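The values are calculated or read from the model by the stated rules, or taken from the named source; none is laboratory data. Just so it is clear, the model here is predicted, and its values are computed rather than measured. Cβ coordinates were reconstructed from backbone atoms using ideal geometry, including for glycine residues, and neighbour counts include every protein chain displayed. Heavy atoms of the whole protein, side chains included, go into the accessibility calculation; ligands, DNA and RNA do not. Shrake-Rupley method; radii C 1.70, N 1.55, O 1.52, S 1.80 Å.
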Amino acid sequence: MNCNSIKISIAKTFSLILFLSFCTYVSFAQVDYVKQKGGSYKINYMSDYHNKGLSLFGTLSFNNQSINDAGINAPVNYLYNSVNNNTYKPGYSAGIRWDGLSNRNKYYTLSMAINRVSTGVNYQNKHTLAPFIEDFTHFKADNQYTTLSIAAHLNKLLPINDMRDYKFFLVAGPSIDYKISEISNENLLNGTGYRTIINGDLGVEFDNKGYYVLYAHYKLGANLFQSTVPVRISRFDIGMSIKVKDLF
């Protein structure tokens, strides 16, 4: 991957992040039509948010990626049994999140995190030249890397228990991970390297009187841009967030 291609990829990713951020903002906004002189109306998006709260959070994650290397025929091959381990491996994250309630009574969460990811790897294709060569794969995926992520979630309040004190939420929304760690030489071969992952998130959260939130999320992700090696990433997150005002 040359320098120009990397710059184009970064530009596309940045544009997409801005677009998603704008769409999220508008979707939560309470649209107020303010009458101007001359009879025209102006849309006011600036008076919609209240009950905001900034929190710090930490997460323990369990990760697995599924690799389809059918699109390449690399000169270097890897023994299948030495690289394939279809398990979930632990990683961790830390970041900040912003919880709020719009005037449309929609609970939402915006977050940003640094993630240290370690994954098990499932190679979908097993090649063989029996009886001369053992089973092999054309590609060796990076199974440890660091990402910067952003997420925008809608939180649906569930009618469980006394909702004035203890709240349970069903959570759903998109997130994006961008690899900030170095990509290995194997993943630069034949355009197989990728940096941006788009995820669909689904989970549940428990809010204890606003003091802290316990959560469990499932993320299903894939390459955002086209790659000769499509990757599907599954991730389970378990974590807790605490309001900044209660920490300092």
Legend entry - Fraction of accessible area attributable to carbon and sulfur, segment 195-235 (%, probe 1.4 Å): 62 percent
Inset, instruction - Please give the peptides 107-113, 85-91 ranked by average Cβ packing (other Cβ atoms within 10 Å per residue), highest first, as a rough proxy for protection. - result: 107-113, 85-91
Inset, instruction - Under 12 Å from the Cβ of Val204, count the other residues' Cβ atoms, weight Lys and Arg +1, Asp and Glu -1, and hand me the total. - result: -2
Legend entry - For segment 85-141, accessible area per residue (1.4 Å probe, heavy atoms of protein chains only), Å²: 54 Å²
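Take peptides 171-184, 118-131 and line them up by average Cβ neighbours within 10 Å, highest first, as a rough protection proxy.
171-184, 118-131
Of all accessible surface on segment 78-158 at a 1.4 Å probe, what whole percent is carbon and sulfur?
57 percent
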Inset, instruction - Highest first, please rank the peptides 136-148, 212-224 by the mean number of other Cβ atoms sitting within 10 Å of their residues. - result: 136-148, 212-224
